[in-house]
Amino acid sequence: MLTQKSPTESSSSPLRITRRRVSRLIPFGYEVSEENEKLLIEVPEEMELINKAKKFIENNCSYRETAEWVSHHSGKKITGMGLREVLKRKINKGW
């Protein structure tokens, strides 16, 4: 992962977490950088939902039900299998 500051941010503001864009699809939890379209910026609100979704899955909720909950709260559509891939990428354990 890369970190960067936007030109408008002061030195006391937190770093934005970014990663390189490798395909035309934007992964859930990221948005395209305004300064460079080849970089993706992490969306903190969506990443918080992903962390809550991980806890739901650990408590034996199905991926489909959890994905519906995430979709409802984020306003972005995500499927159960899509959520599984996001969690796999996020925790890097290969569920």
For this session: Mind ranking 78-90, 48-60 by how tightly packed they are, going by the mean number of other C-beta atoms within 10 angstrom, highest first?
Result: 78-90, 48-60
Exercise. When the distances between all Cα atoms of the stretch 28-71 are binned every 5 Å from zero, what whole-number percent does each bin get?
Worked result: 5, 22, 24, 16, 13, 10, 7, 3, 0
Seminar exercise, completed: Ignoring ligands and nucleic acids, GLU65 exposes an accessible area, probe 1.4 Å, in Å² to the nearest 10, of 110
Exercise. With +1 on each Lys and Arg Cβ and -1 on each Asp and Glu Cβ, how big is the dipole of the stretch 30-95 about its Cα centre, in debye rounded to the nearest 20?
Worked result: 500
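The values are calculated or read from the model by the stated rules, or taken from the named source; none is laboratory data. What you see is a predicted model, and the numbers here were worked out from it, not measured in a lab. As a convention, Cβ positions derive from the backbone with ideal geometry for all residues, glycine included, and neighbour counts pool all protein chains shown. Keep in mind that these areas ignore ligands, DNA and RNA; they rest on the heavy atoms of the full protein, side chains included. Shrake-Rupley method; radii C 1.70, N 1.55, O 1.52, S 1.80 Å.
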